[in-house]
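K.L.:
One structure follows; several queries about it will come next.
What follows draws every value from the coordinates through simple rules; no lab data is involved. Note that this is a predicted model, so its numbers are computed, not measured. Quick reminder, even Gly has a Cβ in these numbers, built from the backbone with ideal geometry, and neighbours come from all protein chains shown.
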Amino acid sequence: MFKYTLDNKRYHTLNYHLINKFGEKVYKAVIDAGFTCPNIDGRCGRGGCAYCSDGSGEFTHGSKLSVTEQLQKERERIAGKHENPKLIAYFQAHTNTYAPVEVLRKKYNEAFSFPDVVGMSIATRADCIDGKIADLLAEFSEKTYLTIELGLQTVHDKTACEFNRGYNYETFLEAYKLLRRRNIRICVHIINGLQGETKEDMLETARAVGELCPDAVKIHLLHIVRGTRYAALYEKGEITPMSKADYIETVCAQLEYLPAQTVIERITGDGGKDTLIAPLWSLDKISVLGGIDKEMNQRNTYQGARYC
């Protein structure tokens with residue numbers, strides 16, 4: 001049986017990790033803290049990444065509410081599943097280190113001070129991490145369970161240029177090192193199905209990320225969402241979403257290249273039913289998860305099988 005599991009999974013789930021750390025199930029409470037992105041406001045680009053819709057914050061309650069008010073709403077939502085839940089305050093929307101240090105400290109402190117918050121996750125970009133920001137994050141890492149969610153998506157700069165990421169792989173590595181030197185927990189995001197990428201390209205991203213040995217990884221499926229540039233390309237027939245079978249096969253292979261101790265915080269994605277154009281099969285998340293489990297069992301493989 002795979003070492004890091006409670007339910008015969010062959011990969012290291014976030015549920016397993018959090019239960020072992022906190023002794024019970026812990027829930028992420030999403031926040032839109034009102035930040036923007038250098039790829040939107042013109043510092044490095046306009047319009048955001050080609051796949052991005054509203055800065056990934058469509059499931060939040062919106063920045064018109066304070067951090068405290070949003071956490072209150074999230075606690076009420078989660079309480080329907082679990083009485084008196086422990087929360088991880090998840091700064092999800094846009095780039096959550098893209099502001100002056102004192103502004104960031106105020107927002108983070110507001111979340112840190114909220115009752116039942118036992119940790120924080122902060123989603124950001126590699127080009128918005130410098131020494132001062134990293135020092136601030138280190139302060140919070142010392143007093144709470146902090147994760148920095150660092151968007152990489154792909155190690156291939158050609159692909160990143162095409163979807164308008166706004167920085168190269170070397171910039172990502174520099175930010176990663178700044179955080180790692182301060183012993184800050186890092187979760188790396190990758191996306192399968194980006195325009196022009198082959199299965200081998202996606203596996204190369206997994207291999208490169210595995211060599212970094214991050215604390216956690218999120219594996220996403222590319223969603224074609226209304227209002228994005230990828231949606232326009234899809235309508236022109238210039239981009240084809242992955243099939244369910246190809247996605248499952250690719251993810252299982254990627255897991256083999258990731259070290260067993262790396263937590264897989266996400267293994268598919270959540271597309272909004274009202275905004276998702278394709279692939280519609282991704283809405284059946286249980287089927288995707290079950291397909292990954294079945295494929296790994298049939299292969300008799302597990303996370304880290306090819307990691308060395």
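K.L.:
Quick check on my link table: of Lys158/Lys273; Lys25/Lys106; Lys3/Lys25, which ones sit more than 23 Å apart, alpha carbon to alpha carbon? Intermediate results must be reported in sequence, preceding the final value.
P.N.:
Details: Lys158/Lys273 31 Å; Lys25/Lys106 28 Å; Lys3/Lys25 19 Å.
In this structure, Lys158/Lys273; Lys25/Lys106 exceed 23 Å between Cα atoms.
K.L.:
Give the long-range amide H neighbours of His220: residues separated by 5 or more places, or on another chain, with amide H under 5 Å away, using H modelled in the peptide plane at 1.01 Å from N.
P.N.:
The answer is Ile190, Ile191, Asn192.
K.L.:
Something else about it: If you average over every viewing direction, what projected area does the convex hull of the Cα atoms of the chain give, in nm²?
P.N.:
Numbers: hull surface 60.2 nm².
Average projection, Cα convex hull of the chain: 15.0 nm².
K.L.:
Return the long-range amide H neighbours of Lys28 (sequence gap of 5 or more, or a different chain), with a cut-off of under 5 Å between placed amide H atoms.
P.N.:
Amide H neighbours of Lys28: Ile88.
K.L.:
For a quick protection proxy, order the peptides 15-25, 203-213, 177-187 by their average other-Cβ count within 10 Å, most packed first.
P.N.:
Details: 15-25: 14.4, 203-213: 18.9, 177-187: 17.0.
Highest-to-lowest ranking by the protection proxy: 203-213, 177-187, 15-25.
K.L.:
Need the C-alpha centroid separation for segment 211-259 versus segment 10-80, integer Å.
P.N.:
That distance is 20 Å.
K.L.:
Can you work out ³J(HN,Hα) from phi for every residue in segment 27-41, in order, using Karplus 6.51 cos²θ - 1.76 cosθ + 1.60 and θ = phi - 60°, giving whole Hz and x for Gly and Pro?
P.N.:
10, 8, 10, 7, 9, 10, 8, x, 7, 10, 8, x, 8, 10, 7
K.L.:
Kirkwood Rh over alpha-carbon pairs of segment 138-220, then Stokes-Einstein at 25 °C and 0.890 mPa s: what D in µm² s⁻¹, rounded to an integer? Let's see the in-between values first.
P.N.:
Working: Rh = 13.4 Å.
D = 184 µm²/s.
K.L.:
Multiply the residue gap between Val101 and Thr198 by 0.36 nm, knock off their C-alpha separation, and tell me the result in nm, one decimal place. If you can, show how the numbers build up before the last one.
P.N.:
Working: separation 97, 0.36 × 97 = 34.92 nm, distance 3.98 nm.
So the chain would gain 30.9 nm between Val101 and Thr198.
K.L.:
What percent antiparallel are the DSSP beta bridges of the chain, to the nearest 5? Can you show the working numbers first?
P.N.:
Numbers: 2 of 36 bridges.
Bridges in the chain that DSSP calls antiparallel: roughly 5 percent.
K.L.:
Sticking with this structure for a sec: Please work out the FRET efficiency for the pair Thr144 and Asp41, using the Cβ-Cβ distance as r and a Förster radius of 22 Å; give the result to the nearest 0.05. Write out the running numbers ahead of the final one.
P.N.:
On the way: r = 29 Å, r/R0 = 1.32.
Efficiency, from the Cβ-Cβ distance: 0.15.
K.L.:
Now, a different point. Under the Karplus relation 6.51 cos²θ - 1.76 cosθ + 1.60, θ = phi - 60°, what is the ordered set of whole-Hz ³J(HN,Hα) values for segment 101-109, x standing for Gly and Pro?
P.N.:
Using θ = phi - 60°, the values come out as 4, 5, 5, 4, 4, 5, 5, 5, 4 Hz.
K.L.:
Now for a different question. My understanding is that a pair violates if its Cα-Cα distance is over 31 Å; which of Lys177/Lys285; Lys64/Lys143; Lys107/Lys285; Lys28/Lys294 do that in this structure?
P.N.:
On the way: Lys177/Lys285 34 Å; Lys64/Lys143 28 Å; Lys107/Lys285 33 Å; Lys28/Lys294 27 Å.
Violating the 31 Å limit, Cα to Cα: Lys177/Lys285; Lys107/Lys285.
K.L.:
Amide H to amide H under 5 Å from Arg10: which residues, 5+ apart in sequence or cross-chain, H placed 1.01 Å off N in plane?
P.N.:
Amide H neighbours of Arg10, under 5 Å, 5+ apart: none.
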